[in-house]
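Asker: Sending over a structure as structure tokens; questions will come in a sec.
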Amino acid sequence: MLYKLIYMLHMDVSWVNVFRYITFRTILSALTALLICFIFGGWIIRRLRALQVGQYIRDDGPPNHKKKQGTPTMGGCLIIPAVILGTLFWAEPANRYVWTVVFVALSFGVIGFVDDYLKVSRKNSKGLRVVIKFSLQALAALVVAVFLFHDPGLSTRLNLPFLKTIHPDLGLGYIPFVLIVIVGSSNAVNLTDGLDGLAIGPVTIAFATYLAFAYLAGHAKIASYLQIPYVPGAGELSVICGAVVGAGLGFLWYNAYPADVFMGDVGSLSLGAILGTVALITKQEIVLVLVGGLFVFEALSVIFQVAYFKITGGHRIFRMAPIHHHFELKGWAEPKVIVRFWIIAIILALLSISTLKLR
């Protein structure tokens, strides 16, 4: 919106033309979100501490996590506004996909906020009941699913990265597929958010990857050359991805080990849902399994642990799930776990980008 105003007021100034380019606006959205986090980060942390919005640690968690008790949480209240403001300042206001992502950010952010608020008010690690939490997520995702299903610019066909001539059509099955992608991505990121900076690092890397995917999907000639689906208007999502990258880096300044603040569910649920939505709109939903492979691995470790525990009557696969706690209990220092997981996220991102040239 801001770039539109600047362009309208200075039509006679040649340098203003740069505001028409998505690449330039993507950079500005990232810088805007980054500056918002830098400017307001310290103030928000002080306010959270004053309001005693502190993290509560599970009794069955790793023993070294007890020292984190009371660290301000709900840092997503910094991330999400920074992302939305960065987006609204520099994205095309008439683009329907931009507003779709804003809706997802706000709806999942509210769900996460309520979940965090209940944890803080009850002074324990239990927030919304699982059934209620998943139902609210599914409801928000259903709204998006119906919209995308009826959107004339999107197809219900899937894009397979390694088999570019095969595009299975899901038909009505596309709606439950959208629900699985958005809700699954949201909760996978949420499960990963267990160590200082562990989630926000891979989230930033994943959005940097989808920044490129969004730009390519919105460019007809490049999309045709790479044999990927062309989605008119999807290029504007690169501005949103840029805002998330900027906000992620800004938040990491405060969330790096030892963390001054945690993002909480208000941040992790929302960021995960945004990632899933961007993947769907850019028609790179299958590649999300590779880009977000770290999140998938974290979620699967919980699923396998719970299933194996029930089947065997109390035996475990891992010392503790999600998997990052397993490595902690094996003796890895927390910073080592975090950095190694970041490295894995970078490798997966590079592999996913390489699929663009694989036929």
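The values are calculated or read from the model by the stated rules, or taken from the named source; none is laboratory data. Please read these numbers as outputs of a predicted model, since none were measured by experiment. Every residue, glycine among them, receives a Cβ derived from its backbone with ideal geometry; neighbour counts consider all protein chains shown.
Asker: Looking only at the range 272-314, filter to residues that are among the β-branched types (V, I, T) and in a loop (DSSP other than H, G, I, E, B); which one of those is surrounded by the most Cβ atoms within 10 Å (Cβ to Cβ)?
Answerer: T282
Asker: So which of G248, G242, G194 is over 14 Å from the mean Cα position of the chain (by Cα) and either modelled with pLDDT of 95 or more or more than 23 Å from V102 (Cβ to Cβ) (or both)?
Answerer: Among G248, G242, G194, only G194 is over 14 Å from the mean Cα position of the chain (by Cα) and either modelled with pLDDT of 95 or more or more than 23 Å from V102 (Cβ to Cβ) (or both).
Asker: Just checking, how many residues over the range 134-154 are assigned to a loop (DSSP other than H, G, I, E, B) and either surrounded by fewer than 16 Cβ atoms within 10 Å (Cβ to Cβ) or of a type in the set (D, E, K, R) (or both)?
Answerer: Of the range 134-154, the ones assigned to a loop (DSSP other than H, G, I, E, B) are 151-154.
Those still in the list that are either surrounded by fewer than 16 Cβ atoms within 10 Å (Cβ to Cβ) or of a type in the set (D, E, K, R) (or both) too: 151-153.
Looking only at that region, the number is 3.
Asker: Also, I was wondering about something else. State yes or no: is L172 part of a loop (DSSP other than H, G, I, E, B) and more than 18 Å from T282 (Cα to Cα)?
Answerer: So L172 fails the test.
Asker: Mind checking whether some residue in the range 138-156 is polar (S, T, N, Q), farther than 30 Å from Q55 by Cβ and free of Cβ contacts under 8 Å to residues at least 24 places away in the same chain?
Answerer: Yes, that holds for at least one residue.
Asker: Can you tell me which of T71, T87, T100 is among the hydroxyl-bearing types (S, T, Y) and at pLDDT below 90?
Answerer: Of T71, T87, T100, the one residue that is among the hydroxyl-bearing types (S, T, Y) and at pLDDT below 90 is T71.
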